[in-house]
């Protein structure tokens, strides 16, 4: 199954690096945040994620054909951004491929950026960021950058990645920011980046992201619609249920 | 019970016709209607015990130019003009013409609603419409 999806390297990968993943999910928080990160830090394209099972498509940027899921790097950071919805049936293969590749390339930490839908999002001026950790020892590193998520369900690629990382003793943090469910949410992406700045000591400026909020929401409308279909297929709504067991 | 069965059948038929429309219209179903210069917005429906909450994502909307109609107890129509004309070129797409000056959506309600008592607000470019459920 894992071989269904492959990471193809086309440029230098740092010897040690932090991997950031921005996959389309609730509010497209990860996609928007990771895209902003790539442009802000002027990251170079270093690879792509390929599969014969992905829809037969490319994306054109400046007239150049690209894979819709690509890897970018700058310094000790590698970012994976997917600018198309991930078919629900390939979620497990994609998660396995990313974690296996990261482990084989000596990754230090895997940080995934996603959204956590809340009903009162319209009334929140600053969305709160939560973090699910692969290991309790990461709490110290997290500091006050995000609140640790103690109980709950996570559904989708990030859930599988976090579990696999925990099993492989690979440090992983999944940042989940309060967001709209099926509307692109640049404000939530900005909050996630502010949290990431604290964790990694970065200085990614988010004012530009906030200023372009309306433009981003409109441009991302179609990807959001397709992502919503895939989220329904993987029963994403289960994230809002309460786990039955305790202790 | 018969009421629930009727709605279920209606929803099935609605889905069926949407699929037919998709097949007929082919690629031009992404929600950018160049002929009508309108955009189909993203929306979400939440059904509560007493009311239905509809939200509609309307970036670039002119707050004073939003119209909500309830032509039937199972249908809401939203039209909202944008603050300025939006073109594909604004979004970096040069090979497609067309400009857009409004959002239009005709939204099927999963349960019957009544117009009286309807309230709405626009915040963060998102329209929220609260509609009492029909008793």
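Checked against (1) assigned to a loop (DSSP other than H, G, I, E, B); (2) modelled with pLDDT of 95 or more, residue A:182 meets all criteria but (2). Restricting A:140, A:136 to residues that are part of a helix (DSSP H, G or I) and without any contact (Cβ under 8 Å) to a residue 60 or more places away in the chain narrows the list to A:140. Evaluate the following for residue B:130: is it touching a residue at least 40 places away in the same chain (Cβ under 8 Å) and surrounded by 13 or more Cβ atoms within 10 Å (Cβ to Cβ)? Yes; evaluated as a whole, the condition is true for this residue.
I'd like to check something: does segment A:135-150 contain any residue that is in contact with a strand residue (DSSP E or B) (Cβ under 7 Å, 6 or more places away or on another chain) and crowded, with 22+ Cβ neighbours inside 10 Å? The answer is yes; a qualifying residue exists.
Taking into account only those residues within segment A:94-130 that are within 16 Å of the chain's Cα centre (by Cα) and surrounded by fewer than 21 Cβ atoms within 10 Å (Cβ to Cβ), which is farthest from the other protein chains (Cβ to nearest Cβ)? Only one residue fits best here, namely A:109. With the requirement that a residue be in contact with a helix residue (DSSP H, G or I) (Cβ under 7 Å, 6 or more places away or on another chain), more than 12 Å from chain B (Cβ to nearest Cβ) and crowded, with 22+ Cβ neighbours inside 10 Å, what does segment A:176-203 give you? Within segment A:176-203, A:177, A:178, A:189, A:190, A:192, A:193 qualify.
Scanning segment A:209-247 for residues that are away from chain B (no Cβ under 11 Å), surrounded by 20 or more Cβ atoms within 10 Å (Cβ to Cβ) and either more than 19 Å from residue A:88 (Cα to Cα) or in contact with a strand residue (DSSP E or B) (Cβ under 6 Å, 6 or more places away or on another chain) (or both) gives a single hit, A:209. Residues considered: A:228, A:211. Of these, the only one that is closer than 20 Å to residue A:118 by Cβ and free of Cβ contacts under 8 Å to residues at least 60 places away in the same chain is A:228.
Taking the condition more than 10 Å from chain B (Cβ to nearest Cβ), surrounded by 15 or more Cβ atoms within 10 Å (Cβ to Cβ) and within 24 Å of residue B:100 (Cα to Cα), does residue A:206 pass?
no
Taking residues in segment A:88-114 that are on the phi > 0 side of the Ramachandran plot and assigned to a helix (DSSP H, G or I), and partners anywhere that are crowded, with 22+ Cβ neighbours inside 10 Å and modelled with pLDDT under 95, not one pair has Cβ atoms closer than 8 Å while being at least 6 places apart or on different chains.
The values are calculated or read from the model by the stated rules, or taken from the named source; none is laboratory data. This one's a predicted model, so the numbers in the text were calculated from it and none came from an experiment. As a convention, Cβ positions derive from the backbone with ideal geometry for all residues, glycine included, and neighbour counts pool all protein chains shown.
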